[in-house]
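The values are calculated or read from the model by the stated rules, or taken from the named source; none is laboratory data. Fair warning: this is a prediction, and the values are worked out from it, not measured in the lab. Glycine also receives a Cβ, built like all others from the backbone with ideal geometry; neighbour counts cover every protein chain displayed. For accessibility, only protein heavy atoms count, side chains too; no ligands or nucleic acids. Shrake-Rupley method; radii C 1.70, N 1.55, O 1.52, S 1.80 Å.
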Amino acid sequence: MSRTSAVARRLRSPELGASGLAAALSMGAYCVAMAVHGTYPFGSRSRAVNDLANQFVPYHAHLWDLQHGNTTGDLVFNWNSGYGAPFLADFFTYLMNPFSWLVGLFPRSAVNFPVFLVTLLSIGLGAAVMTYFLGRLRPGSPWLRSLLGVGYGVCAWVLNDGSPDPMWMWGLVSLPLVGIACDWCLRERRWVLGTFFVAIAWAGNFYTGAMATIGAGLVLLVRVVLAEERPLKARLWVLGRAASMVVTGVLLAAPIMFVSLKASKSSQPAPLAKYDGAPGLTDYLAQLLPGGRSGLTMPNIFIGMLGLLLVASLPFNRRVAVRERVAWYVLLALVAVSFVWEPTILLWHGLAVPNGSPYRAAFILSGLLTMAAWVSLSRRPDLFALLGGTGLVALVVLVGHGRSSVHPTTWVLVGAGGSVTFAALWALERWHDNRRARQAVGAILACSVFAGTAMAALSATVIRDRLPFFTPKTTMSASILASYDEVRKADDWPTSRTDPGPRETASNDPMLIGGEGGSYYSSYIPATTAELLHDLGAGWYIQGRHTLSPVDPVGRALFGITTYLEGSSGRNGFTVKKAAAAPLVTVHPPIRPDAGSVWSRQESLLGAKVYDVPQLTPSTGPKPTLHGTSGWSVPATPTGSPWTTFTGSCTPGSTAFFYGPWFGGTVMGLGTKYESAGRQPMTAMPIRELGTVGADGKVQVQLRASAAAQVPAQPVGCLDKAAFTEALGKLKGATEVSSGGHTLTAELPKDSTGTALISVPAVTGWQCSVDGGAQRPVQSVLGMIGVPLGKGASRISCTYSTPGLTAGLAVGAVGLAVLLGVAVTTRLRRRAGTDASSTPVPST
């Protein structure tokens, strides 16, 4: 009963109310800013998303489908994207924020709203947990702590880095959560619960979880150094206890780590990122001022005027020991420097410079600034400290004047907001013994923090949305809902595929709209998938990390696409098209792949010759150079110069196609003219139709290159449509195909020999059996799954197993065993101690 009463008293304590206040104020300020800006869900303005980061709405739509049994795949495999792709690593990375799981409570047509809630609720929970942690750091008013929690919850990192990528928002919760676990180590309590907290931080998002663990570890180190009353051995014991807690917590998250690392290792390589060097000191200091955003890539760190003034007051706060003041400022300086020094940038970001901003860990510095602010506020800074802090803020304003991150709103927040904050803090010190005065001043300060936070959030969001690399996109428009209905109506998987492309509305249309398409954007897209689609003439972005569906008839046929959506000027922006296609599973004689050109690769998988491939001769314009099978080097076309022209001959009546994946400029031939945006290796253009070859058989292609470019040695192929139709008719397909979440079974014509070709990328993890035999890893036939049939077979069964999952579960089981062992041992020791204390002492 006593333990229950203690818990009840704790729940009724001001701690819960203060944490709730921090959550309410931070979420309210964020919502007010979004409402004034007219951003979804408060207006018609769509949220700006970083480049192609609107991939996350489709991921949540796919999660909705999984929760409602509305899709063909499962957590292990995704049949919708990339013509079949592993999914568990995507789930662990993009959808493990617990708030993402709320998506199933809302209609699929409103999936944008729960994605917004992921950000909003993470802000609230992060502010609440930080409020609680500050009380563990130093005792003091929970209500004042909650105001600092608001500044942390809506810090600059949230507005500029976290909210466009909701998966990272769990990091905002992880920092104070791991901080609480480290605090228990300092007090030598609750090792088991602390281990769970570490595991939760890493499981929610291991990327930001690792950052949070480093940040919380640095804070613990400072606290241990400052604990002079403890002997060295006791302090080392605290660090050892924390290290064992972190290691065990990470072991519990091992399934996530192992699966993600294995998937990363086999993924399409990311574009090489290079750190451009540290920003200038004045630009960096200006980032402390609220309400702005730099046009340069910078750490986004501001936490509002209350936090800034208190951090600035810390060196002058004589109620804080000199040693403690120095320790906190040294910590802030070292972390700030570590964000702009490449070796430590690598440490913060998992030993790789990230694509995009190299300052994704900036929320750690915002959290440390919040903690330093509380160290000063909890000791009631006097007038001397506040004046000293004001002087430091004035110095930051002076050196930051004219920097790109300083905007008109900054001056309002610093001037008006700073004045109110100074007066309120001085009043709290002046009348700290007067309860009514404290309450009145606290209310004024809360209003100031709320208004300032909302204004800073609005200003930063408006500035962010104007930047060229932020692209507003609507992801659940009427056109998308209409597309979803049409795809659902036509879908007949696994008999054939219905591709929501090549029309693109978001970065992951097959997850958003449904069907089975080639479009797929993920950090974990298998290299096998990207290379297969590229080798067969489909386009890609981001060096193959965003693949696209093929747009030529043979490419579509090889992937079994019988229905697809093509962009048009119609009411819904698309037209439903039908196409002839190969069965999903076909039986071929032993395949001898010819990888000499895109045309020969397509013919190898089709099992028939359907292209004339002309030998092209340069005629007019800047002369290209042929480098054997490597292709042609096409020089840039000078202004006013004739275009580079290639001439060849094909069968009259055939359809000519051009393939120049890396060509950037204008392509013209056979009455067709289009702009090509190829840029090696980032952007690959697909095979494009030129037109019908005339009676003279002449094919002429003109290229106006905006810069020197490469085209393949055989860039033109002429399709014989009659031969193509005949080839499709002669294909020997499976008599029946069935699929499960991560399985596929095909009934073949009796005693089939040769190779069963499955139009699914042969990614690592697939194993197939023939006629109930042993499961064996599949063969790759130019990147597709090939199953040797031996002397004769009638059935193949294939299963996908996630690489790394078994090893991860084994390591996680070790972590769980350690955790249970410690929990049981601790319980037995406590029981033994209780029994010993309750044993009556015999009288003498």
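Using only the heavy atoms of the protein chains and a 1.4 Å probe, how would 297, 119 rank by accessible area, largest first?
Ranked from most to least accessible, the order is 297, 119.
Among rounded, prolate and oblate, which fits segment 606-755 when a ≥ b ≥ c are the square roots of the eigenvalues of its C-alpha gyration tensor, a/c under 1.5 means rounded, and a/b larger than b/c means prolate?
In terms of gyration-tensor shape, prolate.
Can you compute the FRET efficiency between residue 70 and residue 384 using 1/(1 + (r/R0)^6), with r the Cβ-Cβ distance and R0 = 45 Å? Round to the nearest 0.05.
0.10
In whole percent, and with a 1.4 Å probe on the protein chains, what portion of the accessible area of the chain is carbon and sulfur?
61
Assign one of three labels to segment 647-690, namely rounded, prolate or oblate, based on the Cα gyration tensor with a ≥ b ≥ c the square roots of its eigenvalues; rounded applies when a/c is under 1.5, prolate when it is not and a/b is larger than b/c, and oblate otherwise.
Prolate is the answer for segment 647-690, as a/c is 1.5 or above and a/b outweighs b/c.
Do any of 673/721; 577/721; 578/750; 698/730 go past 25 Å between their Cα atoms, and which?
Over 25 Å apart, Cα to Cα: 578/750; 698/730.
Between the DSSP loop rule and a limit of at most 16 other Cβ atoms within 10 Å, which trypsin sites (Lys or Arg not before Pro) in segment 183-224 are left?
Answer by residue number: 187, 189.
What do you get for trypsin sites (Lys or Arg not before Pro) in segment 244-315 restricted to DSSP loop and a cutoff of at most 10 other Cβ within 10 Å of the site's Cβ?
Qualifying residues, ordered by number: 274.
Can you pull out the trypsin sites (Lys or Arg not before Pro) in segment 500-584 whose DSSP state is coil and whose Cβ has at most 14 other Cβ atoms within 10 Å?
Within segment 500-584, the qualifying trypsin sites (Lys or Arg not before Pro) (loop, at most 14 other Cβ atoms within 10 Å) are 571.
Could you tell me the center-to-center distance, by alpha carbons, between segment 488-566 and segment 94-130 in angstrom?
Result: 28 Å between the Cα centres.
Take 612, 499, 771 and sort them by solvent-accessible surface of the protein heavy atoms, 1.4 Å probe, largest at the top.
771, 612, 499
Which one, (1) 201; (2) 213; (3) 174, gives volume of the Cα convex hull per residue in Å³ as derived from the coordinates shown?
Working out volume of the Cα convex hull per residue in Å³ from the coordinates points to (1).
For the chain, what is the relative contact order in percent, using Cα pairs closer than 8 Å and at least 6 residues apart in sequence?
Relative CO of the chain lands at 14 percent.
Based on Cβ point charges of +1 for Lys and Arg and -1 for Asp and Glu, what charge dipole magnitude is obtained for the chain about its Cα centre, in debye rounded to the nearest 20?
In total the dipole reaches around 2940 debye.
Which number comes out as Rg/Rh for segment 564-621 once both Rg and the Kirkwood Rh are worked out on C-alpha atoms?
On the Cα set of segment 564-621, Rg over Rh gives 1.16.
List, in order, the whole-Hz ³J(HN,Hα) value for each residue of segment 33-40 obtained from phi through the Karplus relation with A = 6.51, B = -1.76, C = 1.60 and θ = phi - 60°; use x for Gly and Pro.
4, 5, 5, 5, 6, x, 8, 3
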